[in-house]
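Read through the structure below, which is laid out as structure tokens, and then see the notes.
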Amino acid sequence: MDLLSALQRLRGTLDRELFPLAIGEAADDRRALKELTGQLDDYLLPRLRAIDAPLLTVVGGSTGAGKSTLVNSLVGADVAEPGVLRPTTLVPTLVVNPADRDWFMGQNVLPGLSRATGSGPGALRLVGSEALGAGLALLDAPDIDSVVTANRELAAQLLAAADLWLFVTTAARYADEVPWSFLRTARERSTALAVVLDRVPPEAAGPVARDLERLLVENGLAGARLFTVPEAALPSEKARLPAEAVAPITAWLSGLAADAAERSRVVRQTLSGALDSLATRVPALAKAVERQEAGFGTLREVVTGAYAGGMADFDEGMRDGSLLRGEVLARWQDFIGTGDFMRSLESRVGRLRDRIVGFFTGQVPEARLRDALESGVEALIRGSADAAAERALEGWSAAPGGAGLLDRLGAIESARLGRASPDLGKRAEFAVRGWQEYVLDLVREEGAERRTTARMASFGVNGAGLLLMLAVFASTGGLTGIEVGIAGGTTVLSQKLLEAIFGDQAVRTLTARAREDLRERVRLLMDEEAARFLSVLEPLEPPRGTADALLAASRTIRDHQTELPPDRRDSPPDAASRTIPNRRPDPPPDRRDSPPPDAASRTIPNRRPDPPPDRQDSPPDAASQTTPNHQPAPPPDRRDSPPEAAEGGDGR
């Protein structure tokens, strides 16, 4: 398996909701998942498929930093839309050389964003400009600290898709925490980075630049290129900066566009850093998925325990004699009475047997007793299922992640879960009738023996079968007073008569088989009821083994990480065809690594130190705050434009 295949397998594993339960830091886990899938879709997979594609430079930064004005000034045309109202960059603008237009109009980069040209609506506005050399594109991103959540999320997405960050800050706000959280992310992922210090008053240029250099070094970004842009009085918010103010940046970008080898170095630096970051980000996601799997396991155990309790309730109902109350007792009492039955049991068993034979052969319709028994068993099943559903719902409410799951279902659906199914009565009726037929089959099978044929003839299959059904509920626990005698007499008499027909051992065997068959039928009903709860979990639960699959994908990517594809721009002219359609040949390499130093530009040696062990994977989405123990050096911004306290945008 090559590196691209390993990343595709990882992406497939992430292609579903992995954190549906509110367990642990689920919100952070979801955000980390979204960031990782976004970077795979927007950057890693497209870049690996075409490593020699145009280099994407994203211009990002805080509100009011002047990003759009800077892009317009670098291009020499009004391609972005700066302004005084914040936020100004609502739709990101991508400026490309016409030779690279086809590449960016396709779904090669940022496939989740629709394209638009001109001033029409679209999630990504594409503008062509000859001012940019082929092989380099500038993307004006929304504010990283915008009050509009969607703008902040889009800004983070675009920065994660960049080969190179051109990060813009101002002399008044360069020490704010939110920009530095993004810059530390760039350090952790080894993203190629250049910083533009904008709106610098002339008298503060030296102190502010030196202070920003110090902060870059302290935050592990000593290799970042730093440009300063002096403050300028502009006639309007939409005016462009003087050409000389942005000349160092223009010269650097032109040199980068002209130097294919340098572009390749930038791409490989950022690509390698993004791959390195997977070694910590993917295992962290796997651990979070394990927490979800444990949460789903707990919810399943709650349901299993609740319906095991429902089955126990049914068993208790069979043992405690409650089924022999009510209608069943009345139908039995119609024949035997209640007063002298027990007194006559031993002395007049023969006479009683004759009366019972008459009962089963037509004096009192046997269907009444059978129907009463059927209704009693059905009621016991419904009661046990209702109690189980209530326990399961209460258990979910108390379990980790369960309350949020019920909120997700809604009050009406949750209330339905807390009761037995509306059609349980019909299913229970069908199950009990099936059991009664099974009992009659048992009696037929046992009565076929020659030794019992004559005795069976006195009662008939139906009569003996009803006696066996009554014998299943042979305990009198839970009854008091006269009910014990009546119910007990009912079961004792049925037992005696069955023994007279089949014998002691056969009655015990028949009763056990009949009772177990009924329990199995009720158990199936309880399983069907429990499935209502489990069916809520199944579409939400991550596939089994997802955490292990993530860890395996992380190991595979690490093993193949050095296998970056070759840059075909270094191949001979007769090598494989170029990736980008209609791409103009690259000009001869221009080795101007940096513009000549002057008052408006400062350059830090372009080397990447080893990053410190800080692994802050995602910037906080909190309001901007100042870096501890640091006082910004510059005096207040003396620009005539509205104060920077206004809500964020990127116009000047």
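The values are calculated or read from the model by the stated rules, or taken from the named source; none is laboratory data. Note that the structure is predicted; figures quoted are calculated from it, not measured. All Cβ positions, glycine included, derive from the backbone under ideal geometry; neighbour counts span all protein chains shown. For the accessible areas, the whole protein counts, side chains as well, though only heavy atoms, and no ligand, DNA or RNA atoms are used. Shrake-Rupley method; radii C 1.70, N 1.55, O 1.52, S 1.80 Å.
Counting just the residues of segment 3-47 that are in contact with a Leu (Cβ under 9 Å, 6 or more places away or on another chain) and assigned to a loop (DSSP other than H, G, I, E, B), which one comes out nearest to P566 (Cα to Cα)? Ranking the candidates gives L14 first.
So that you can scan it fast, the table gives a plain yes or no per residue for (1) part of a helix (DSSP H, G or I); (2) under 20 Å from Y43 (Cβ atoms); (3) in contact (Cβ under 8 Å) with a residue 60 or more places away in the chain:
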| site | (1), (2), (3) |
| --- | --- |
| L216 | yes, no, yes |
| T228 | no, no, yes |
| I249 | yes, no, yes |
| G255 | yes, no, yes |
| R265 | yes, yes, no |
| S272 | yes, yes, yes |
| V282 | yes, yes, yes |
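Contact annotation: residue pairs with Cβ atoms under 7 Å, 6 or more positions apart or on different chains, pairing a residue in segment 129-147 that is more than 22 Å from V267 (Cβ to Cβ) with a partner that is in a strand (DSSP E or B) and of a type outside the set (D, E, K, R), are I144/G60; I144/G61.
Residues in segment 258-271 that are basic (K, R) and surrounded by fewer than 17 Cβ atoms within 10 Å (Cβ to Cβ) were compared, and the one that is nearest to the chain's Cα centre (by Cα) is R268. Which members of segment 1-13 meet the condition of being in contact with a helix residue (DSSP H, G or I) (Cβ under 8 Å, 6 or more places away or on another chain) and surrounded by fewer than 19 Cβ atoms within 10 Å (Cβ to Cβ)? Listed by number, the residues that qualify are M1, D2, L4, Q8, R9, R11.
Kindly indicate whether A232 is free of Cβ contacts under 8 Å to residues at least 24 places away in the same chain and either in contact with a helix residue (DSSP H, G or I) (Cβ under 9 Å, 6 or more places away or on another chain) or not polar (S, T, N, Q) (or both). So A232 fits the description; yes.
What do you reckon, is A403 open to solvent by 20 Å² or more (accessible area, probe 1.4 Å), within 22 Å of the chain's Cα centre (by Cα) and of a type in the set (A, V, I, L, M)? Answer is yes for this residue. Restricting attention to segment 288-321, the residues that are modelled with pLDDT under 70 and either among the aliphatic types (A, V, I, L, M) or open to solvent by 30 Å² or more (accessible area, probe 1.4 Å) (or both) total 0. If I filter segment 36-55 for residues that are β-branched (V, I, T), open to solvent by 10 Å² or more (accessible area, probe 1.4 Å), more than 30 Å from E231 (Cα to Cα) and out of contact with any Pro (no Cβ under 6 Å at 6 or more places or on another chain), do I get at least one hit? Taking every residue of segment 36-55 in turn, at least one turns out to be β-branched (V, I, T), open to solvent by 10 Å² or more (accessible area, probe 1.4 Å), more than 30 Å from E231 (Cα to Cα) and out of contact with any Pro (no Cβ under 6 Å at 6 or more places or on another chain).
Considering (1) at pLDDT 90 or above; (2) surrounded by fewer than 21 Cβ atoms within 10 Å (Cβ to Cβ), the lone condition that T69 does not fulfil carries the number (2). Of all residues in segment 272-287, which are open to solvent by 10 Å² or more (accessible area, probe 1.4 Å) and over 15 Å from G24 (Cβ atoms)? Result: S272, D276, A279, T280, R281, P283.
In segment 472-481, is there at least one residue being touching a Leu at 6+ places or on another chain (Cβ under 7 Å) and either assigned to a helix (DSSP H, G or I) or at pLDDT 90 or above (or both)? Yes, that holds for at least one residue. In segment 213-257, the qualifying residues are those that are open to solvent by 30 Å² or more (accessible area, probe 1.4 Å) and among the β-branched types (V, I, T), and the one that is farthest from the chain's Cα centre (by Cα) is T250.
Against the numbered list (1) assigned to a helix (DSSP H, G or I); (2) at pLDDT 55 or above; (3) of a type in the set (G, A, S); (4) surrounded by 15 or more Cβ atoms within 10 Å (Cβ to Cβ), S421 comes up short only at (1).
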